[in-house]
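Structure first, then comments.
The values are calculated or read from the model by the stated rules, or taken from the named source; none is laboratory data. Only a predicted model underlies this, so the values are computations on that prediction, with no experimental measurement involved. Every residue, glycine among them, receives a Cβ derived from its backbone with ideal geometry; neighbour counts consider all protein chains shown. Remember, those area values only see protein heavy atoms, side chains included, never the ligands or the DNA or RNA. Shrake-Rupley method; radii C 1.70, N 1.55, O 1.52, S 1.80 Å.
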Amino acid sequence: PTGVDLPIVREDQFFTKASTFLGIPVGATVRSALRVYDPRLQKGSTVRVDVLAEDGRVLATRRLFPGNNTIAQAQDPTFQQVAGYDAILDLRRSFPELDEVARYHLRVTPETPGMEYWAFVSVTDNESQHVLLITSK
């Protein structure tokens, strides 16, 4: 690659409804992770994660709790704003059902009323360490 393309998320682009991340590869040559952020930090906020086969079948479901985990948004100790965060750092290991497919989709659905969130999937090539970010619009 000739450079890095990082998605910049503006406040009016946070998700409020279900979002789907398409075509995530499965295999020994890659590893994939899902990260979910709750930028408004609603305590106890939850999202449902559905793992979908390419034909739409639900292979597995899990809940994440970004409202129960916080991360500082700056290194400055006087900066008080924090965000919620949760992740599945190894999707293949977390979902044995993925062994039956070559590609899959993830659907993330907020379960907390009024919740705004941001999520993305990172796919890392084990040999080159190149990272592909899969985002939803």
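Residue pairs whose Cβ atoms lie under 6 Å apart, separated by 6 or more positions or on different chains, with the first residue in the range 3-25 and closer than 23 Å to Arg92 by Cβ and the second at pLDDT below 80 and open to solvent by less than 90 Å² (accessible area, probe 1.4 Å), are Ser19/Ser136; Thr20/Ser136; Phe21/Ser136.
Report, by residue number, each residue of the range 80-97 that is of a type in the set (A, V, I, L, M, F, W, C), at pLDDT 95 or above and more than 11 Å from the chain's Cα centre (by Cα). Passing the criteria: only Phe95. One residue is enough: does the range 50-73 have a residue meeting the conditions surrounded by fewer than 19 Cβ atoms within 10 Å (Cβ to Cβ), in contact (Cβ under 8 Å) with a residue 60 or more places away in the chain and more than 22 Å from Gln129 (Cα to Cα)? The answer is no; no qualifying residue exists.
Kindly indicate whether Ser136 is part of a strand (DSSP E or B) and within 16 Å of the chain's Cα centre (by Cα). In short, no.
Say whether the condition of being closer than 14 Å to Phe120 by Cβ, of a type in the set (D, E, K, R), modelled with pLDDT under 95 and open to solvent by 80 Å² or more (accessible area, probe 1.4 Å) is met by at least one residue in the range 22-43. Scanning the range 22-43, I find no residue that is closer than 14 Å to Phe120 by Cβ, of a type in the set (D, E, K, R), modelled with pLDDT under 95 and open to solvent by 80 Å² or more (accessible area, probe 1.4 Å), so the answer is no. Within the range 81-100, the set of residues being touching a Phe, Trp or Tyr at 6+ places or on another chain (Cβ under 7 Å) and either of a type in the set (D, E, K, R) or exposed (fewer than 12 other Cβ atoms within 10 Å of the Cβ) (or both) comprises just one member, Asp86.
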